[in-house]
Amino acid sequence: MTDPHSGLFATPRVTRRDLVGGAFVLSADDPLRAYPDTLQAHLDHWASETPDRWFLAERNSAGDWEPLTYAQARSTGRAIASGLLRRGLTAETPIMILSDNSIDSALLQFGALYAGIPFAPVSPAYSLMSQDFRKLHHIRALLEPSLVFARDGTMFARALDALGLDDARIVVSVNPPEGRSVTAFGDLIDAEPDLARVDAAGAGIDGGTIAKILFTSGSTGEPKGVVNTHRMMCSNQQAIAQMWPFLERRPPVVLDWLPWNHTFGGNHNFNLVLRNGGTLYIDAGKPVPGLVERTIANLRDVAPTLYFNVPRGFDMILPALEADAAFRDHFFSELDLIFYAAAALPQSAWDRLETLSVAARGHAVPMTSAWGSTETAPLATSAHFPLDRAGIVGVPAPGTEIKLLRNGDKMELRIRGPNVTPGYYRRPDLTRTAFDEDGFYLIGDAGRLADETDPSRGLVFDGRVSEDFKLSTGAWVNTGALRIAVVSAGAPVIQDAVIAGHDRDEIGVLVFPNPVACAKLAECAPDTPLSDLIAHSAVREKLIAGLAAFNARSTGSKSRISRVVMLAEPAQIDANEITDKGYINQRAVLDRRSGLVEALYAGEEDRGVILLT
């Protein structure tokens, strides 16, 4: 049988350099090769080499895929650049993008890139889900944008009104807000573009130029604007290509919902397709009930060569793949690789995906992950070697150095390389405290070597340094690893979990339930209130059985679950409890629901507390 990994990955070779005090630095033996100075250089290349190849595609109003070729993307992007320069926009006047992924948004971004104007894609949740618009106001005050884009003016009308913008600075593609004379997106496209002016602006762009500003989720305060330079993104894509040589043999086909306001979707996935001349189908679905059905419908239509998702996204599509063999076979038919990131993938989901791929292809389609952040554009390590379990995040990417040093009972990770941000937009105070004396970025994560004798076997993610805590017994609780194990043990009831127990005798868990799985277990309608579902005996019994089995395998107080409560209220974005990618902020949940934590430890069964024997 042909090895499914053959030819996919470069052989990982890592050098370890020991420092004083037990610290050490890891780096790839393979040096980072040359890469372009600007991101738009990739578009220039493919527009010349494969002008008619589909670059992007999205569903139109008739439900058909409407494509944008590489040649169209370049010519329209440059025409928009001309229009932006005519309006007087400069590098000091960023563009703020409010809406979801779309071809118009991509074209505006390319227009900004060619003109040398930074752009800032902002989480649509801050406009559509927020009630107070606090984060949106904070971002606007920091950026002082010259232009604000929302694809659908009516959908974003409340947010646009809240920002108090004059009409001249608002651009919409469809449905202009009632009573306002805003600019139509088409009017940004210069009918007679001044390409000489565009080229002159381009001559001043180099690797250190700010291309975009990506905002962190604000999990520990207001969102921070992370400067993303051309060098960061271009060097990162070159590193990926060296670790994944198969990308240069077959143009990737990707169907993706991940938002471009996040580094996973906007830097890793979008730029990967662009750098390698592939095709990106824009998925209007999301891993939430009511929208995941769109993703499934799109996957029935498009067979990707690479599939990217967050753990919650895989959790939402797995039932459809398991229920329909034809869909399963189609989904896996062209796949070179499955990739997860943003949060750790529970082992139960890993096993289910592997079982499906073996049934469809006769062998397991390789699954892999990486590690990084918004500040690293995004990839710092990559598991570019065969994996048989979740948790390993790989080895340093070419050009990137990873420092490990003792912090409590963990090894803290720090990052240095051309892919690392120079700092935070208009926040020199934050920039000063983000790096150590050697210029390594302080990411706040912990890791350990999978094999102490061979760093080429990769790093294991070991949670956030700041999220771990001690029980009253003095035992340290590794919240990251424990959360993954609990989610897997409580499948399918648990969608996510928050670990409690700081200075307590025992560990407790706050559970965000999976509404779809709970409704199925309870044999209830999908729209049954969550409060009713979590009280159902079938749901509670399934959860108790899973956690009891987990406890039977546990070796001590630092991993044994003594009590649990299922939450009837979903995580709230305004309270920083969740990002729009579905990543749970442990600290914010514990702070906001401190009363429920007290009830958990008081054993108040009338509030849904379950005590495990």
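The values are calculated or read from the model by the stated rules, or taken from the named source; none is laboratory data. Predicted model, so just to flag it, every value in this text is computed and none were measured. Virtual Cβ from ideal backbone geometry, glycine too; neighbours counted across all protein chains shown.
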Query raised in the report: Given VAL171, VAL148, which one is at pLDDT 90 or above, at negative phi, in a strand (DSSP E or B) and out of contact with any Ser or Thr (no Cβ under 8 Å at 6 or more places or on another chain)?
Result: VAL148
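Condition check ((1) assigned to a helix (DSSP H, G or I); (2) at pLDDT 95 or above; (3) within 19 Å of ALA184 (Cα to Cα)) across all residues:
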{"position": "GLN72", "(1), (2), (3)": "yes, yes, no"}
{"position": "SER82", "(1), (2), (3)": "yes, yes, yes"}
{"position": "THR93", "(1), (2), (3)": "no, no, no"}
{"position": "ASP104", "(1), (2), (3)": "yes, yes, yes"}
{"position": "PHE110", "(1), (2), (3)": "yes, yes, yes"}
Query raised in the report: Is one or more of the residues making up region 376-385 free of Cβ contacts under 8 Å to residues at least 12 places away in the same chain and either more than 16 Å from PHE9 (Cβ to Cβ) or part of a helix (DSSP H, G or I) (or both)?
Result: no
Report summary line: Of GLY362, GLY391, the only residue that is under 19 Å from ASP462 (Cα atoms), of a type in the set (Gly, Ala, Ser) and surrounded by fewer than 23 Cβ atoms within 10 Å (Cβ to Cβ) is GLY391
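Between PRO259, PRO252, PRO289, which is in contact with a Leu (Cβ under 9 Å, 6 or more places away or on another chain) and of a type outside the set (S, T, N, Q)? I'd like the intermediate steps shown before the answer.
On the way: PRO259 fails: in contact with a Leu (Cβ under 9 Å, 6 or more places away or on another chain); PRO289 fails: in contact with a Leu (Cβ under 9 Å, 6 or more places away or on another chain).
Just one listed residue meets the conditions, PRO252.
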Report task. Kindly indicate whether any position in region 36-51 is crowded, with 21+ Cβ neighbours inside 10 Å and in a loop (DSSP other than H, G, I, E, B). Result -> yes
Requested in this report: Say whether the condition of being within 22 Å of SER99 (Cα to Cα), in contact with a His (Cβ under 9 Å, 6 or more places away or on another chain) and of a type outside the set (Gly, Ala, Ser) is met by at least one residue in region 302-312.
Outcome: yes
Report task. Hey, can you tell me all the residues within region 333-367 that are among the hydroxyl-bearing types (Ser, Thr, Tyr) and either in contact with a strand residue (DSSP E or B) (Cβ under 6 Å, 6 or more places away or on another chain) or modelled with pLDDT of 95 or more (or both)? Result -> SER333, TYR340, THR355, SER357
Report summary line: Across region 435-476, the tally of residues that are buried (at least 18 other Cβ atoms within 10 Å of the Cβ) and of a type in the set (Gly, Ala, Ser) stands at 6
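Listed here are the residues, each with its yes/no results for (1) surrounded by 20 or more Cβ atoms within 10 Å (Cβ to Cβ); (2) within 16 Å of SER382 (Cα to Cα).
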| residue | (1), (2) |
| --- | --- |
| ILE213 | yes, no |
| SER217 | yes, no |
| THR229 | yes, no |
| ALA239 | yes, yes |
| MET243 | yes, yes |
| ARG249 | no, no |
| VAL254 | yes, no |
| ASN261 | yes, no |
| ASN267 | yes, yes |
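Yes or no: region 535-542 includes at least one residue that is under 29 Å from the mean Cα position of the chain (by Cα), touching a residue at least 12 places away in the same chain (Cβ under 8 Å), within 30 Å of ILE392 (Cβ to Cβ) and outside the structural domain of ALA344 (by TED's automatic domain parsing). Can you show your working first?
Kept after step one, since they are under 29 Å from the mean Cα position of the chain (by Cα), are these residues of region 535-542: none.
So far as region 535-542 goes, no, none of its residues is under 29 Å from the mean Cα position of the chain (by Cα), touching a residue at least 12 places away in the same chain (Cβ under 8 Å), within 30 Å of ILE392 (Cβ to Cβ) and outside the structural domain of ALA344 (by TED's automatic domain parsing).
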Query - Elements of type strands (runs of 3 or more DSSP E) contained in region 244-360, each with 1 or more residues being among the acidic types (Asp, Glu) - result: 253-256
